[in-house]
Amino acid sequence: MTFYGDLRSETAASEDFASTANAPSAATVFPPAIDRLDLTALDDAALMREVGKGSVDAFSVLVDRHSSALYRVAMRMLADAAEAEDVLQDCFARLWQNAPRWSPSGAGLVGWLHRVAMNLCFDRKRRFRVVTVDTMPDPADDAALADRRIEADQAARAVAAALDDLPERYRAALVLCYYEGFSNALAAEVLDLNIKAMESLLFRARRQMRTLLEARDVACADLEAQA
């Protein structure tokens, strides 16, 4: 990620300041880093303690561990690769900033990161309204394609379009519970809901998604083809 260099620069600047202001030495402020192989064996809470002490290596392990899932969520919420990448960067920047004050609770770091990412997605959806225009049709492909592959591609596009048409909270519930496999309890924590409210939200989201798919003539058989 592009912010690694910035964080290393910040660490170097801290060391320069320490030497000129009679502050504790860098070795005191930032104890010797744990070997990276050892870091990968630590759980999220232990890594966050290391990040809170200024460990860029521990931070990079958390980025490697969680970035793929967060990017998937942002892409399904925003349907824009550049926006999803920005959300990912902002999310981990906030992790770095909040690490000294962070303490594990509830769903732990996974819940915290997804809540931050989801809120960033909500903010972006409210600030920016994407105007869609008709696109040029794809050139005809002379290669023979199986009917099942064509149906699967059509179903995938229909599902993505229907998901994008859902209200943001409905979309968030489906993305977390069905695409990411979160339990209702974990999704409720991410969305700051109680479990009953989460179950109600999920029920309404499924019902509206079904209505949108039926309007696009997408049947269960089509969804099975997509799978």
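Read-outs throughout are calculated quantities, based only on the coordinates presented, and are distinct from any laboratory measurement. Remember, it's a predicted structure, so these values are computed and weren't measured experimentally.
So the values come out like this:
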| quantity | calculated |
| --- | --- |
| Karplus-derived 3J(HN,Hα), 6.51/-1.76/1.60, for each residue of the stretch 171-180, Hz, glycine and proline x | 4, 4, 4, 5, 4, 5, 7, 9, 7, 9 |
| Table column - 3J(HN,Hα) (Hz), the stretch 93-106, Karplus curve with 6.51, -1.76, 1.60, x for Gly and Pro | 5, 5, 4, 4, 5, 8, 4, x, 9, 6, 9, x, 7, x |
| Calculated from backbone phi, Karplus (6.51, -1.76, 1.60) coupling profile of the stretch 201-209 in Hz, x at Gly/Pro | 4, 5, 4, 5, 5, 4, 5, 6, 4 |
